[in-house]
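Presented below is the structure to which this report refers.
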Amino acid sequence: MSLDATVTVMRRSLGSGEVVDVPALTVHVRSKAGAVTTCALRLSPVVVGTADECHLVVEDAAVSRRHVEVHPHPGGVRLQDLGSKNGTWVAGVRVNDAIVPLNALATVGDSTLWVTLEGKAVTVPLSATPFFGDAFGASLAMRALFAGLERAAASDASVLLLGESGTGKELLAKGVHTHSARKAKPFVVLDCGSVPPNLIESVLFGHTKGAFTGADRERPGIFEEADGGTLFIDEVGELPLDMQPRLLRVLETGTVRTVGGEGTRKVDVRVVAATHRDLKERIKSGEFREDLYYRLAVIEFEVPPLRQRKEDLPDLISRLLGQLEPPRSISELPRDAMEMLTRYDWPGNVRELRNAVTRLALLGNLSLDGGSTPTVAHDQPVVPLAVARDQAVAEFESRYLREVLKGTQGNVTAAAAALGISRQQLHRLMVRHDIKSREL
């Protein structure tokens, strides 16, 4: 089959490494009123919708929060509808997953979408290895990310990792540390989402004895613990607004003042921060300081979700199985398991995949309720493969969610934590499968 080279990602060697030439594509969306918004499309897909977290945000009441995902493809572009209410349409036909040529018009809600080629291809370096520390990814998107992180690790600049929950941002932060000159020094982790707001100042900067009720001894803060090394601040978007100026001051001056203390102490700490929040939107809403954002995002990376790098799934599943005790292999999984695992979109990303693979290996079936592995009954009417696959995935997802929710007695917060996804994601899945926690 002949492919149009102008829309093909080309891999080639350059000097001592490998690079990809990525077409300079642009996604356009024109509203019913005629306003046009655009977004660059490179190695990672572009999500179009009305939600703030989308790459291309559309002002159109007929467009869903996450409406369609646009991927570069050798034949033009790939449009994947994300379960939108009003659908994605091409030439009057509703499509769920379609390859369309450049400049072809698609309808999303009351808006029109198309993709154009703009200028020369962009050259993107690739890492020579599919590993960065303990993180794994052989896909082009991950090897491009690893190459960028390798270069960032060699400096002392602050790094900001953006991405959904469960994508492995802590592993990447640890990789930055182990690839840096600070690797022999401490790597300290702070999860802003797990520390009560009234304790965050003490955790960050330490406290003296008697500084507040319950402070029965002097305690150093994590900046002092990380002195000489790297401090990973996870979910920095959850940091209380009144604490943000103090963090900014430490980053700018390199000094900390303990709670209840009088003097300051010099610290030498490299900061890597991460969040699943859209910090630019939080800046607009007044929930995050713009000056702190720019101090943290000296070098910024977006970590792709698992659904955008499904080519990594077989190797990831194999690695996760090998980490079990005793180690397992893909050949030991139930029949049809790999087909269903690779079809699923994994909203909880690698964290959810790890939980599901462990559960699957231990229970030995995909239904997760004591039933047998779903198989095709040959004496029944045959349905198209895509339909059967979607039905099986939906059944697997519904049973899996019900099983976890039963285990938490219908506690949505606890279930979301166990699944490695947000409460909002779990609520959306419960609505999709008509699951009511009070009935469990």
Point to revise | Inter-residue pairs, beta-carbon under 6 Å, first at pLDDT below 85 and in the stretch 337-359, second among the small types (Gly, Ala, Ser) and open to solvent by 10 Å² or more (accessible area, probe 1.4 Å), 6+ apart | key: Met340/Ala392
Practice item. Of the numbered conditions (1) more than 18 Å from Arg354 (Cβ to Cβ); (2) at pLDDT 95 or above; (3) out of contact with any Lys or Arg (no Cβ under 7 Å at 6 or more places or on another chain), Ser158 fails exactly one; give the number of that condition. Key: (3)
Revision key, fill the gap. Taking the stretch 63-90 and keeping only residues that are more than 17 Å from Val36 (Cβ to Cβ) and assigned to a loop (DSSP other than H, G, I, E, B), one is left with Ser64, Arg65, Arg66, Pro74, Gly75, Leu82, Gly83, Ser84, Lys85, Asn86, Gly87
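Among the residues of the stretch 287-342, how many are among the hydroxyl-bearing types (Ser, Thr, Tyr), under 30 Å from Leu251 (Cα atoms) and open to solvent by less than 50 Å² (accessible area, probe 1.4 Å)? Don't jump to the end; show me each part of the working.
Going residue by residue through the stretch 287-342, those that are among the hydroxyl-bearing types (Ser, Thr, Tyr) are 293-294, 318, 329, 331, 342.
Next, from what is left, pick out any that are under 30 Å from Leu251 (Cα atoms): 293-294.
After this cut, where a residue has to be open to solvent by less than 50 Å² (accessible area, probe 1.4 Å) as well, the list is 293.
Qualifying residue count for the region: 1.
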Exercise for review: Go through the stretch 285-320 and count every residue that is in a helix (DSSP H, G or I) and not β-branched (Val, Ile, Thr).
Suggested key: 20
Check your understanding: Within the stretch 143-151, can one find any residue that is open to solvent by 40 Å² or more (accessible area, probe 1.4 Å) and modelled with pLDDT of 95 or more?
Key -> yes
**Study point:** Residue selected from the stretch 73-84 under the condition within 14 Å of Ala104 (Cβ to Cβ) and not aliphatic (A, V, I, L, M), by the criterion least open to solvent (accessible area, probe 1.4 Å)
**Key:** Gly76
Exercise for review: Please state which one of Ala98, Ala147 is over 18 Å from Arg307 (Cβ atoms) and of a type outside the set (S, T, N, Q).
Suggested key: Ala147
Practice item. Test Leu313 against the stated conditions and say whether it is under 24 Å from Leu171 (Cβ atoms), modelled with pLDDT under 85 and not polar (S, T, N, Q). Key: no
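Yes or no: the stretch 106-116 includes at least one residue that is of a type in the set (Ser, Thr, Tyr), buried (at least 22 other Cβ atoms within 10 Å of the Cβ) and touching a helix residue (DSSP H, G or I) at 6+ places or on another chain (Cβ under 6 Å). Don't jump to the end; show me each part of the working.
Initially, the stretch 106-116 is screened for residues of a type in the set (Ser, Thr, Tyr), giving 107, 111-112, 116.
Narrowing further to those that are buried (at least 22 other Cβ atoms within 10 Å of the Cβ): 111.
With touching a helix residue (DSSP H, G or I) at 6+ places or on another chain (Cβ under 6 Å) added as a condition, the list becomes none.
No.
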Exercise for review: Within the stretch 165-206, work out how many residues are open to solvent by 50 Å² or more (accessible area, probe 1.4 Å) and either closer than 21 Å to Ala141 by Cα or in contact with a Leu (Cβ under 7 Å, 6 or more places away or on another chain) (or both).
Suggested key: 4
Check your understanding: Somewhere in the stretch 409-431, is a residue under 15 Å from Tyr344 (Cα atoms), over 21 Å from the mean Cα position of the chain (by Cα) and in a helix (DSSP H, G or I)?
Key -> no
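One line per residue, one yes/no per condition, for (1) modelled with pLDDT of 95 or more; (2) of a type outside the set (Gly, Ala, Ser):
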{"site": "Gly75", "(1), (2)": "no, no"}
{"site": "Val90", "(1), (2)": "yes, yes"}
{"site": "Gly109", "(1), (2)": "yes, no"}
{"site": "Lys120", "(1), (2)": "no, yes"}
{"site": "Ala135", "(1), (2)": "yes, no"}
Exercise for review: Output the residues belonging to the stretch 355-365 that are surrounded by fewer than 20 Cβ atoms within 10 Å (Cβ to Cβ) and within 22 Å of His427 (Cβ to Cβ).
Suggested key: Asn355, Arg359
Practice item. Being within 26 Å of Lys169 (Cβ to Cβ), of a type in the set (Gly, Ala, Ser) and open to solvent by less than 20 Å² (accessible area, probe 1.4 Å) is the filter; apply it to the stretch 405-440 and report the residue that is modelled with the lowest pLDDT. Key: Gly420
Check your understanding: Within the stretch 276-297, can one find any residue that is modelled with pLDDT under 95 and closer than 23 Å to Arg143 by Cβ?
Key -> yes
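Which of the residues that make up the stretch 251-279 are part of a strand (DSSP E or B) and buried (at least 17 other Cβ atoms within 10 Å of the Cβ)? I'd like the intermediate steps shown before the answer.
Filtering the stretch 251-279 down to residues part of a strand (DSSP E or B) leaves 255-256, 259, 265-266, 270-275.
Of everything in the stretch 251-279, those that are part of a strand (DSSP E or B) and buried (at least 17 other Cβ atoms within 10 Å of the Cβ) turn out to be Val256, Val259, Arg265, Arg270, Val271, Val272, Ala273, Ala274, Thr275.
The values are calculated or read from the model by the stated rules, or taken from the named source; none is laboratory data. Predicted model only: the values in this text are computed from it and were never measured. All Cβ positions, even for glycine, are placed from backbone atoms using ideal geometry, and neighbour counts span all protein chains on display. Areas reflect the complete protein model, heavy atoms only, side chains present, ligands, DNA and RNA absent. Shrake-Rupley method; radii C 1.70, N 1.55, O 1.52, S 1.80 Å.
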